[in-house]
Amino acid sequence: MPLSQLNNEQNLAATAPLGHNLIIASAGTGKTSTIVARIAYLIHKGVNPSDILLLTFTNKAAAEMIERVSVFFGKEITSRIESGTFHAVSYRLLKKLGHKIVLKQPKDLKILLKSIVERRRFDQIESSAKAYSAAYLYDIFSLYQNSTVSLSFSDWLEEGESEHHAYFDIYEDIFEEFSELKKEFGYVDFNDLLILMREALHVNNSLSFEEVLIDEYQDTNTLQGSLIEAFKSKSLFCVGDYDQSIYAFNGANIDIIGSFASRYSDAKVFTLNKNYRSSHKILSLANRVIEKNPRLYDKRLEVTRDGEFEAPKLLIYEELFYQYQALSSMIKTSSNHQQDIAVIFRNNSSADGMEATLREQGLTCKRKGGTSFFDAYEVKAMLDLISVVVNPKDMMAFIHVFEYARGVGSSLSKELFDALWKLGEGDLYNGFFHPKEVDELFKKRPKNHQLGLFDEIHDLGSVSRFYNLGFEESFLSNPILKHPRISVEGAKFLHHFYKFMKHSSRIKNPQKLVNHVLSSEVFSAIADVLSTKRTIKKDGSVDENAKQEARSRIFRKGHLLKDLASGYASSERFLNALTLGSNEMSEGEGVNLLSVHASKGLEFKEVYVIDLMDGRFPNRKLMQKGGSLEEERRLFYVATTRAKDTLYLSYAKYDKIKKISYIHSPFLAEAGLAN
């Protein structure tokens, strides 16, 4: 049993009676071992595995915990435990209840929202503030959903964005239309999953668990907190550390962990104090700084590692870029393996400088906190093309694909989809290949100046302008080509898409479907747009050799995607797996170049925390936008406690490009390393 491997503090927590238990697990104190032991203890005591729910913040973390429990009970038993992220668990449970869901990444749904926003006339509203862009409006609405369960969007905006008061009615109407469109096509984003799950739990008593375990409890936001409450479990086992709560920007509510003891009358609080990761001197530095923050619960980290270790070193440089060069040289001569070394940054510009100088030294690095493989435009385009085949109702994927057609924006893309939808009586494929006769194919929405709506005049265009382009008769006869705003280039792209759809309907195997995408004219056109944009020289011309190399890199990513598809029997499962887990997949090897947020939960023998200048770390700009010095201090604590043996802290006095002088971070003074 895992209990035999625990220390006394961990054992007391893992064997606590059913009820409301909070475990304060400080950095490196073995929280994962404690959770694994708790699950094993529950099963050993006779709790049915299917009555156990484990909620984590990554699917990888959940899989590792269940795998460790399986060593003692076997996979046949542990496979019955419901586990994963809030979103993955909600997705599975909703499907189990019969909900039909088309899960979409927020970054993709922004395109759908943009098509709605583009039809609004904000210039008719008198306001000193400029209306939000569609992308920012989506982000702020997402933050609203994560931050409150009681306020309307307008009331929530009033608290911090009152200068936008004149637009509130338009914003509300935009999201009302957005919500209706999502319902019509079954679209659900990550917030929607949790909201739907919470609503289902309020009306359905069939889903109940003997105990709900929550990892990283300090990072739960108000929406997630309300979902935990909706499960109505009589026993909670919440593991977290208020000193590592660093997601306030994403709605994380530290009051949830802070108020635990007062919210539950039977609450018991356990504290894990023995640190198994860092040396005494590293831990001492981290403690000195974090103790400046309010203490929500009593705790004091204790060192368990024996041996002689170097004290953390402060490295001071005269100039910013020279700092990066010097650190890269140190890393090159380090006796540690590259995978055991981490460079941790607070700002993306810091990472760019380090990445460049590491490459100068001939060192590879894997960067987490930047653009991942799955965020590459070509990968997203391939997945969108697969999505419209798997689900012809996927309007958003259609719109996303047509962003690459010249002269076709989000608004026109949506109109084309709507028209094909009508022509096919609810089926995109039939809209192309078996169109019906439809009156008022291109529908207008009533004018409403108060809500920013306006009319567009649609006079049907002549198809004759496309006769010399080599289109087959079946395509030329489609009423979709009568839309007056379709240009010749737009029609060519639409024809490429038409041929892609024509030959894809019978392909069920995901690997074959990816291969079909790669060989299609529509993806070739997309690759041409992307490779051209990436190789335009300063004089506006295109470097043709570089363009061919860019195209090759695009198609190499396509072949990697095809390899990933080999593990899936159906294209639908392939798409769902990537949507739920793409943020946890990464490429690359070498030195770990990590944002503080990406470093959380990891550990390395040798750690460099860079650019510790006041203004950069703490980030004063973000503090002015709603952050706090306490949050920045927690970020510093997380960064320093990633180090096991060696910790370097560095800053530069001057940036010669921006001509800015810096002083050291106040955290260095609090650590006793600077005056």
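Ordered by 1.4 Å accessible area with all protein chains kept, Val289, Val438 run largest first as Val438, Val289.
At 0.36 nm per residue, and after removing the present C-alpha to C-alpha distance, how many nm does the segment from Met623 to Asp298 gain when stretched out fully?
Going from the current span to full extension adds 114.3 nm.
For the chain, the carbon plus sulfur part of the accessible surface works out to 48%, probe radius 1.4 Å. For the chain, take the longest principal axis of its alpha carbons; what is the angle in degrees between that and the long axis of helix 134-147, to the nearest 10 within 0 to 90? With rounding to tens, the tilt is 40 degrees.
Within the same chain, lysines fewer than 8 places from Lys492 are excluded, and of the rest, those with a Cα less than 16 Å from its Cα are Lys482, Lys502. Residue farthest toward the positive end of the dipole of segment 226-340, with Cβ of Lys/Arg at +1 and Asp/Glu at -1: which of Leu301, Ala286, Leu315? Towards the positive end, the residue furthest out is Leu301.
With the charge dipole of the chain set up from +1 on Lys and Arg Cβ and -1 on Asp and Glu Cβ about the Cα centre, the Cα lying farthest toward the positive end among the listed residues Leu137, Leu428, Asn221 is that of Leu428. From most to least packed by mean Cβ count within 10 Å, the peptides 558-565, 543-550, 103-110 give 103-110, 558-565, 543-550.
Just to be sure I understand, if you calculate log10 I(q)/I(0) by the Debye sum over Cα atoms at q = 0.05 Å⁻¹ for this structure, which of [x] -0.28; [y] -0.31; [z] -0.45 do you get? Among [x] -0.28; [y] -0.31; [z] -0.45, the one calculated here is [x]. Say R0 is 22 Å: what FRET efficiency, to the nearest 0.05, do Ala569 and Lys100 get from their beta-carbon distance? Computed FRET efficiency for Ala569 and Lys100: 0.60.
Here the Karplus curve 6.51 cos²θ - 1.76 cosθ + 1.60, taken at θ = phi - 60°, turns the phi angles of segment 336-342 into couplings of 7, 5, 4, 5, 9, 10, 10 Hz, with x standing for Gly and Pro.
Computed from point charges on the beta carbon alone (+1 for Lys and Arg, -1 for Asp and Glu), the dipole magnitude for the chain about its Cα centre is near 1280 Debye. In the full protein context, the chain carries 45 Å² of accessible surface per residue, based on a 1.4 Å probe and ignoring ligands, DNA and RNA. The modelled label-to-label distance between Ser477 and Lys107, using points 7 Å beyond Cα along the C-beta direction, is 4.2 nm. Here's the picture: charge each Lys and Arg Cβ at +1 and each Asp and Glu Cβ at -1 in segment 16-168, and of Phe153, Pro17, Ala27 the one pushed furthest to the positive end of that dipole is Pro17. The protection proxy used here, the mean number of other Cβ atoms lying within 10 Å of each residue, ranks peptides 67-76, 236-245 as follows, highest first: 236-245, 67-76.
Computed about the Cα centre, the dipole magnitude for segment 476-584 is approximately 220 debye when only Lys and Arg (+1) and Asp and Glu (-1) carry charge, each at its Cβ. Calculated mean residue ellipticity at 222 nm for the chain: -14000 deg cm²/dmol, from DSSP H runs with n ≥ 4 weighted as -39500 (n - 2.57), summed, divided by the residue count and rounded to 500. Ranked by the mean number of other Cβ atoms within 10 Å per residue, highest first, peptides 327-338, 25-36, 252-263 order as 25-36, 252-263, 327-338.
Counting only other residues whose beta carbon sits under 14 Å from that of Leu476, what net charge do I get with K and R as +1, D and E as -1?
Residues close to Leu476 contribute a combined charge of +2.
Counted by Cβ distance under 15 Å from Leu55, the other residues give a net charge of -3, where Lys and Arg count +1 and Asp and Glu count -1. Here the label points at Lys313 and Lys557, each 7 Å from Cα along the C-beta direction, are separated by 3.9 nm in the simple model.
Run the numbers for Glu163 and Ser79: contour at 0.36 nm per residue of separation, minus the present Cα-Cα distance, in nm.
Numbers: separation 84, 0.36 × 84 = 30.24 nm, distance 5.20 nm.
Here the answer is 25.0 nm.
Counting heavy atoms of the protein chains alone, Leu6 has an accessible area of about 30 Å² for a 1.4 Å probe. Here segment 587-658 is assigned +1 on the Cβ of each Lys and Arg and -1 on the Cβ of each Asp and Glu. Its dipole about the Cα centre then comes out at about 340 debye.
Quick check on the chain: of the DSSP beta bridges with both residues there, what percent are antiparallel, nearest 5%? So the antiparallel bridges in the chain amount to around 15 percent. With everything on Cα atoms, drop me the angle between helix 59-73 and the longest principal axis of the chain, reported from 0 to 90° to the nearest 10. Between helix and principal axis, roughly 60 degrees.
Taking label positions 7 Å along the Cα-Cβ direction at both Lys268 and Glu176, the computed distance is 5.1 nm, reported to one decimal. What is the angle, in °, between the Cα long axis of helix 521-533 and the longest principal axis of the Cα atoms in the chain? Nearest 10 is fine, range 0 to 90. Rounded to the nearest ten degrees, it is 60. Full extension of the chain between Asp528 and Leu151 gives 131.1 nm of extra length, using 0.36 nm per residue less the Cα-Cα distance. Tally Lys and Arg at +1 and Asp and Glu at -1 over the other residues with C-beta under 14 Å from the C-beta of Val488: what net charge comes out? Taking every other residue near Val488 into account, the sum is +3.
Straight-line cross-link partners of Lys274 among the lysines, defined as a Cα under 30 Å from its Cα and at least 8 positions apart when in the same chain: Lys31, Lys45, Lys60, Lys234, Lys292, Lys299, Lys313, Lys368, Lys600, Lys605, Lys644.
The values are calculated or read from the model by the stated rules, or taken from the named source; none is laboratory data. Since this is a predicted model, take the numbers as computed values, not measurements. So basically every Cβ, Gly included, is an ideal-geometry build from the backbone, and we count neighbours across all protein chains shown. Accessible surface is based on the protein model in full, side chains and every heavy atom, while ligands, DNA and RNA are left aside. Shrake-Rupley method; radii C 1.70, N 1.55, O 1.52, S 1.80 Å.
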